[in-house]
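Notes for the one structure printed next.
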Amino acid sequence: MSPTTHRPARQARLFMPGALVVVSAFGLGGPALAQQAPKVTPAGKLELSVGGFSRFLWALGDIKNKTGAQNASSDFRNDTEVHIIARGKDESTGIEYGATIEFEADTSRNENTDETWIFIKGVFGELRFGDDDGAADNMKVGGFSVAVGTGGIDGTVIDTPAVVGPSNSDDATKIVYYTPQLGGLQLGVSYTPSSESVGDTLAGTKTGGFKDWVEAGVTWAGEFGGVGITAAVVGGLAEADFSGRNNDLKTLFAGVQIDAFGVSVAGGLGSEEVLGVDRDWFNLGAKTEVGPVALSVTYGRAKLKPGPDPENLVLGAELGIAPGLSLSGEVSFFDEDRGGKDDGVLGLVRLGIDF
């Protein structure tokens with residue numbers, strides 16, 4: 001977007017021999033020209049909006065045991081993104097289209113964006129093209145779905161990916177398709193040629209990525225007597241883009257969320273085989289509100305063969321202070337089971353602004 005700035009109108013000046021006359025409200029030309037406020041306007045034909053978030057986090061406790069990389073028992077970090085969202089609609093066909101660009105704004109980040117994709121949406125469903133999460137990751141439902149704060153077992157710093165969802169292509173460049181919702185039912189599928197292709201970078205050297213990655217999901221949402229139910233089954237297939245190991249990736253995960261009487265409960269089960277390692281896992285979660293505070297508990301456990309059996313229990317609370325301003329805290333009781341000292345308690349406090 002190229003901003004166009006309108007400068008404030010200047011007062012007209014009339015130069016005459018021997019005198020300087022300034023035209024004002026009481027001079028020539030009638031009332032004074034009102035100053036215009038600066039504006040930022042779209043340079044193209046789509047409606048633009050700016051959003052994002054800025055979050056300050058304080059982690060304390062057994063950081064080294066959790067991450068294996070830090071000696072400190074207390075540390076600060078930032079998490080900041082700026083989102084540019086472009087939207088348009090062709091009134092003659094009803095087709096909607098646009099783009100989403102999520103800029104990384106933290107001083108330590110090397111990549112300039114997180115996700116960048118365009119979409120076309122109509123009665124046929126929705127197509128996305130670009131760097132976005134795959135259908136399996138976007139459609140999964142589990143204990144993590146009801147977590148407050150940064151997301152519990154699927155959150156920031158205190159998360160444990162092995163107990164959450166299936167392996168996924170993350171933000172590698174892909175095509176995603178979602179069907180329209182019919183009777184609460186929706187299907188989704190995505191195709192990623194190479195997990196190493198991100199942004200304007202092609203796959204290049206094949207050192208550890210996956211190719212021909214197909215992810216799919218089906219969700220259903222409905223309500224019976226005031227009880228809301230959301231269920232999902234997601235999975236994926238891919239082949240390792242290098243030789244010398246078991247080349248298959250197969251993953252499947254199913255979960256459900258139930259909302260009733262001010263309480264939400266959710267859980268999921270998954271099984272996966274990737275590069276000769278089998279992973280079976282499950283997760284559970286619950287959320288409720290007590291006055292202005294939202295509370296949640298999430299738990300997950302995984303069993304890897306060969307490998308560790310990590311587990312994580314996270315208690316979370318979040319307080320909405322003002323519109324767009326929140327304060328949250330999480331406590332994690334974890335055991336990474338890597339061998340050695342890799343269990344403990346880790347706390348996280350976050351002050352966040354969403355704009």
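The values are calculated or read from the model by the stated rules, or taken from the named source; none is laboratory data. Please read these numbers as outputs of a predicted model, since none were measured by experiment. Using ideal geometry, Cβ is built from the backbone for each residue, glycine included, and neighbour counts are taken over all protein chains shown.
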Inset, instruction - Take Val274 and decide whether it is of a type in the set (Val, Ile, Thr), under 25 Å from Gly209 (Cα atoms) and more than 24 Å from the chain's Cα centre (by Cα). - result: yes
Inset, instruction - Starting from residues that are assigned to a helix (DSSP H, G or I) and touching a residue at least 40 places away in the same chain (Cβ under 8 Å), keep the ones in the stretch 155-205 and report whichever is surrounded by the fewest Cβ atoms within 10 Å (Cβ to Cβ). - result: Ala162
Legend entry - Condition met for Asp278 (crowded, with 16+ Cβ neighbours inside 10 Å, of a type in the set (Asp, Glu) and more than 30 Å from Ile84 (Cα to Cα)): no
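Condition test on Ser271, is it in a strand (DSSP E or B) and touching a residue at least 40 places away in the same chain (Cβ under 8 Å)?
Working: in a strand (DSSP E or B): yes; touching a residue at least 40 places away in the same chain (Cβ under 8 Å): no.
When the stated conditions are applied, Ser271 does not pass them.
Quick grid of which residues meet (1) modelled with pLDDT under 95; (2) out of contact with any helix residue (DSSP H, G or I) (no Cβ under 9 Å at 6 or more places or on another chain):
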| residue | (1), (2) |
| --- | --- |
| Arg128 | no, yes |
| Asp132 | no, no |
| Asn138 | no, yes |
| Gly143 | no, no |
| Gly152 | no, no |
| Ile158 | yes, no |
| Ala162 | no, yes |
Inset, instruction - Working only within the stretch 151-164, note down all residues that are at negative phi and in contact with a strand residue (DSSP E or B) (Cβ under 6 Å, 6 or more places away or on another chain). - result: Ile153, Ile158, Thr160, Ala162, Val163
Inset, instruction - Of all residues in the stretch 186-210, count the ones that are within 14 Å of Ser167 (Cβ to Cβ) and modelled with pLDDT of 90 or more. - result: 4
Legend entry - Where Ser145 falls short, out of the listed (1) over 18 Å from the mean Cα position of the chain (by Cα); (2) under 29 Å from Thr80 (Cβ atoms): (1)
Inset, instruction - May I ask you to list the residues in the stretch 116-154 that are surrounded by 24 or more Cβ atoms within 10 Å (Cβ to Cβ), in a loop (DSSP other than H, G, I, E, B) and of a type in the set (Gly, Ala, Ser)? - result: Gly134, Gly142, Ala147, Gly149
Inset, instruction - Pairs only if they're at least six apart or on different chains, beta carbon under 7 angstrom, first in the stretch 36-54 and at negative phi, second of a type in the set (Lys, Arg); list them, first residue then second. - result: Leu46/Arg87; Glu47/Arg87
Legend entry - Positions within the stretch 69-113 being part of a strand (DSSP E or B) and within 30 Å of Val345 (Cα to Cα), in sequence order: Ser74, Asp75, Phe76, Arg77, Asn78, Asp79, Thr80, Glu81, Glu104
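Go through the stretch 285-355 and tell me which strands (runs of 3 or more DSSP E), entirely inside it, have 2 or more residues that are surrounded by fewer than 18 Cβ atoms within 10 Å (Cβ to Cβ) and out of contact with any Phe, Trp or Tyr (no Cβ under 8 Å at 6 or more places or on another chain).
Ranges flagged: 293-305, 311-322, 325-335.
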Legend entry - Filter pass, Thr67 being within 30 Å of Pro310 (Cα to Cα), of a type outside the set (Lys, Arg) and modelled with pLDDT of 95 or more: no
